[in-house]
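The values are calculated or read from the model by the stated rules, or taken from the named source; none is laboratory data. Model, not experiment: these values are computed from the prediction. Every residue, glycine as well, gets a Cβ built from its backbone with ideal geometry; the counts of neighbours run over all protein chains shown.
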Amino acid sequence: MTDILSLTIPFFGIILLGSLTRLRGWFSAADGRMISRYVFYVVLPPFMFVAITAQPLNDIFNPEFTLRYELVTLTLFIIAFMVSRFILKLERNEASLFSLNASYPNYGYIGVPLALLAFGEDAAVPMAVILVVNNMVLVFLVALFTHDANESSSGHVLLKTLASLLKNPLLMSVFVAIAFSASGLTMPAMPALFLDLLAGAAAPTALFALGIALVGQPVRAALSELTALTLLKLFVHPLMMALVFLSFPAIGPQPFDPLWIKIALIFSCLPIAANVFNLAEFYGAYGGRTATSIMITTLMASVSVPTIMYLTFILIPR
């Protein structure tokens, strides 16, 4: 619990700082949206590029592991979309961002430091697989599900989705990072320092913008949505991941590495990623309640994550 709090308290502190500046009148809601755009277009792409190119991408992809992990992601996204559309009665774009909330864990700010703390450098390989593939899958899903519901042509929808992906700086940074890593090139010192400086601004700036957006968000009015998101993200997601990896042995000749399964379970129980708020602002839908859901799930995760980690070490002894 102490280790988790040492990671989450600074997280909360920067969010609180953003909220306090909004309450003092130093920043407005429009200022928060401007800062969020700066994060999404300027500093998050270098953050993703630096994080991915720092990982050994060659010969690390495990097709069956990746397929199972992404099968859970896809299933959870669709379940959340159906719940939001037919039970909560959200509009299509809102439902898409609701589903992204339910299935996008906070890898960068909590998951990676936590996994490195728990498992050391051995965690780098499975983390790289999950970070690269799952980010692409989730960004593609939200782009696909936010198309205009009145457009009946599947071809037109696909073209519009692809165009949206090409305009998405976060996903494009992932593609560029993979291509750069595969090329075997080494980043010269000057551009590497430039990217590192920008990447270093991503986490605190994103959290600060999130804090500004939190002020004035209705929690009670959206109680049913927030409750559904909390249950889906913190409990349903790790339960589905455990069923997929622990109930069915690996098809290939080699069983799954226990470390890889532990990383999958721990990553699935993380709270909603702060990046989701930036994506919500990018698509102009569900931004306020995304901000609130990030805060609520992160608060609850200070209890749920160590509990699930404890159960993971019991179920999967090394």
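Report, ordered by the first and then the second residue, all pairs with beta carbons closer than 7 Å, sequence separation of six or more or different chains, a first member in region 25-39 that is farther than 18 Å from L279 by Cβ and modelled with pLDDT of 85 or more, and a second member that is surrounded by fewer than 21 Cβ atoms within 10 Å (Cβ to Cβ) and of a type outside the set (A, V, I, L, M, F, W, C).
Between residues of region 25-39 that are farther than 18 Å from L279 by Cβ and modelled with pLDDT of 85 or more and residues that are surrounded by fewer than 21 Cβ atoms within 10 Å (Cβ to Cβ) and of a type outside the set (A, V, I, L, M, F, W, C), the close pairs are F27/T21.
Only helices (runs of 4 or more DSSP H) wholly contained in region 127-222 count here; list those with 2 or more residues that are modelled with pLDDT under 85 and crowded, with 17+ Cβ neighbours inside 10 Å.
Of the helices (runs of 4 or more DSSP H) lying wholly inside region 127-222, those with at least 2 residues that are modelled with pLDDT under 85 and crowded, with 17+ Cβ neighbours inside 10 Å span 154-167, 169-183, 202-214.
Quick one: is F248 crowded, with 18+ Cβ neighbours inside 10 Å and either within 21 Å of N134 (Cβ to Cβ) or not polar (S, T, N, Q) (or both)?
The answer is no for F248.
Scan region 243-263 and give yes if some residue there is out of contact with any Phe, Trp or Tyr (no Cβ under 9 Å at 6 or more places or on another chain), within 30 Å of M172 (Cβ to Cβ) and assigned to a helix (DSSP H, G or I), otherwise no.
Checking region 243-263: not a single residue is out of contact with any Phe, Trp or Tyr (no Cβ under 9 Å at 6 or more places or on another chain), within 30 Å of M172 (Cβ to Cβ) and assigned to a helix (DSSP H, G or I).
Do you know which of the residues in region 259-307 that are more than 25 Å from S36 (Cβ to Cβ) and in contact with a Cys (Cβ under 8 Å, 6 or more places away or on another chain) is surrounded by the most Cβ atoms within 10 Å (Cβ to Cβ)?
Looking at the filtered set, the residue picked out is V305.
Condition check ((1) aliphatic (A, V, I, L, M); (2) assigned to a helix (DSSP H, G or I)) across all residues:
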residue	(1), (2)
F277	no, yes
A280	yes, yes
A285	yes, no
S293	no, yes
T297	no, yes
M300	yes, yes
V305	yes, yes
Y310	no, yes
F313	no, yes
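Exactly one condition in (1) under 30 Å from S6 (Cβ atoms); (2) crowded, with 23+ Cβ neighbours inside 10 Å is not met by F65; state its number.
Going through (1) under 30 Å from S6 (Cβ atoms); (2) crowded, with 23+ Cβ neighbours inside 10 Å one by one, F65 breaks only (2).
Considering only residues that are at pLDDT 80 or above and of a type in the set (A, V, I, L, M, F, W, C), look in region 273-287 and name the one that is farthest from T146 (Cα to Cα).
Top of the filtered list is A273.
Within the group T205, T230, which residue is among the polar types (S, T, N, Q), closer than 16 Å to I79 by Cα and touching a residue at least 60 places away in the same chain (Cβ under 8 Å)?
T230
Here are V39, V50, V83: which of them is surrounded by fewer than 21 Cβ atoms within 10 Å (Cβ to Cβ) and over 19 Å from I178 (Cα atoms)?
V83
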